[in-house]
Structures are given as structure tokens and as C-alpha cells.
Amino acid sequence: MNKGCMIVCDGGNGAGKSTVLKSIAQHLQAQGCDLVITREPGGTPIGEKIRDILLSTDCSEMCDVTELMLFAAARAQHVREKIIPAIKLGQVVISDRFDSATVSFQHFARGLPLDLIKMLNEIAIDGFKPNITIILDLDPATGLERVGSRGSQLDRMEKENLEFLRNARKGYLEQAKDDPDHFVVIDASQPLEDVIAEAVKVVDQVVYG
């Protein structure tokens, strides 16, 4: 590998993103890859502060436009401070969520205008695009069960209702359908080892070509 790239793992809550990302990272590190592991919202000191606001259950009164603009602000900092510099150094950036999440949650689930979301996303990423986005697809009801079984307190986004999550899932699948060169959908209801194997295969194709 002689050039940097970015791999995103996205999908609904409870689909197993954290576990799959950890397995991808372990696989690439075993091959000697120089990795940057990050997340959205967050990834930078400024982004993490914005994340705290976005996910806090104390911010239940947050309006949809505020939410959208905070996601965009965190992403703008993320791209400029962390992602682009890492790729220029030839590193592989692996991110838990990126811009596809905003289209899914803020347009398909919240109902904000797609043109507005695309405009803010474009300002935030300034023409940048991940090499591939892996969508872990799972029925939202199953995802909620998995999240509930963790025993941890739910954040503001995890507390959304089932209809909201179903609309977000539709958003991910629509994006993948519209841009198959940059999206891969993996059935996250499979046994975990099968999900990981599929994800690793996709990553190897991107990193090693």
C-alpha cells in the first residue's frame, strides 16, 4: 500500500459497528498498515465536545436544524484536522460513521430537505469522499434489542422511536443503491464471524486493490 484511503463503517444502532471496526483494525494492523481510527460525531477535541452536546439526553429540546448544523460543524473540523492530513501521510483512516449518516438520519428520518443537507455536507467535506462506506444493515427492532441488552444508558439518538430508525435504514439502503461504487451493504443479522469476514474482504479490496 502506498497511498492513504478512508473506510467508513455505518448503519443503524445495534448493527455491530464497533465490533466490526475493531476486527477490521486488528486485521489491517496485522498486515502492517498505519491506521487512524476515528468516529463521528467526534474524532477531534472540538468534535468530541460537539458530540457530547448532540448525544446528551439533557438536550432533548434540540431542534432538527441545530442538530444538522452541529453534525456538519463537527465533520468540517474532522475532515480538516484529522482525516485529510492522515490520508496525505499514506495512512488508512477507519471511521465509525460519516456523511451517509447525516443523509439517513437528518433527511430520511428527520425529514429535513435533502438539498439543505447536501449543501451543508459539501461545505463540511469540501469535495472529499471516502473510498468506501460499509453499511451494516439490520432490522431496527433487532438493533433496539441489542442496544437495550448492553445495559448502558441510551443516548439522545438511541432513544428515537422505531419509525424513525426504519426511515434511517431506508436512507442507508437508498444511498447504497444510488452509488454502488462507494457503498457496500452487509447483512448484519448473519453470525458475527460472517459479517466480519465480508467486511474484511471489502476492506482488503480497497486497501490493497
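Checking the condition within 16 Å of the chain's Cα centre (by Cα), closer than 25 Å to D179 by Cα and crowded, with 19+ Cβ neighbours inside 10 Å, which residue from G12, G43 passes?
It is G12.
If T57 satisfies all but one of (1) surrounded by 14 or more Cβ atoms within 10 Å (Cβ to Cβ); (2) polar (S, T, N, Q); (3) closer than 28 Å to E163 by Cα, what's the number of the condition it fails?
(1)
When region 146-188 is examined, which residues are found to be surrounded by 12 or more Cβ atoms within 10 Å (Cβ to Cβ), charged (D, E, K, R) and assigned to a helix (DSSP H, G or I)?
If the condition is that a residue be surrounded by 12 or more Cβ atoms within 10 Å (Cβ to Cβ), charged (D, E, K, R) and assigned to a helix (DSSP H, G or I), then R146, R166, R169, K170, E174 are the ones that fit.
Please work out which one of (1) in contact (Cβ under 8 Å) with a residue 24 or more places away in the chain; (2) part of a helix (DSSP H, G or I); (3) among the aliphatic types (A, V, I, L, M) is the condition L112 fails and give its number.
With respect to (1) in contact (Cβ under 8 Å) with a residue 24 or more places away in the chain; (2) part of a helix (DSSP H, G or I); (3) among the aliphatic types (A, V, I, L, M), L112 is out only on (2).
Within region 53-78, work out how many residues are outside any helix (DSSP H, G or I) and closer than 20 Å to H107 by Cβ.
2
Tally the residues that are within 27 Å of R150 (Cα to Cα) and either in contact with a strand residue (DSSP E or B) (Cβ under 7 Å, 6 or more places away or on another chain) or assigned to a loop (DSSP other than H, G, I, E, B) (or both), restricting the search to region 19-43.
The total comes to 12.
Identify the single condition in (1) touching a Lys or Arg at 6+ places or on another chain (Cβ under 9 Å); (2) surrounded by fewer than 19 Cβ atoms within 10 Å (Cβ to Cβ) that A30 does not satisfy, given that it satisfies every other one.
Status for A30: all satisfied but (1).
Considering region 118-145 alone, what residues qualify as being without any contact (Cβ under 8 Å) to a residue 24 or more places away in the chain and either in a loop (DSSP other than H, G, I, E, B) or over 18 Å from F105 (Cα atoms) (or both)?
Matches in region 118-145: G127 only.
Among L89, L68, which is over 26 Å from N167 (Cβ atoms) and at pLDDT 95 or above?
L89
Return yes or no: is E48 at negative phi, of a type in the set (D, E, K, R), free of Cβ contacts under 8 Å to residues at least 24 places away in the same chain and part of a loop (DSSP other than H, G, I, E, B)?
Taking the combined requirement at face value, the residue does not satisfy it.
Just to be sure, is Y208 in contact (Cβ under 8 Å) with a residue 60 or more places away in the chain and farther than 30 Å from M69 by Cα?
So Y208 fits the description; yes.
Can you tell me which residues in region 95-118 are surrounded by fewer than 22 Cβ atoms within 10 Å (Cβ to Cβ) and basic (K, R)?
R110, K118
The values are calculated or read from the model by the stated rules, or taken from the named source; none is laboratory data. From a predicted model like this one, the values you see are computed outputs, not experimental measurements. No Cβ is skipped: glycine too gets one built from the backbone with ideal geometry, and neighbour counts run over all protein chains shown.
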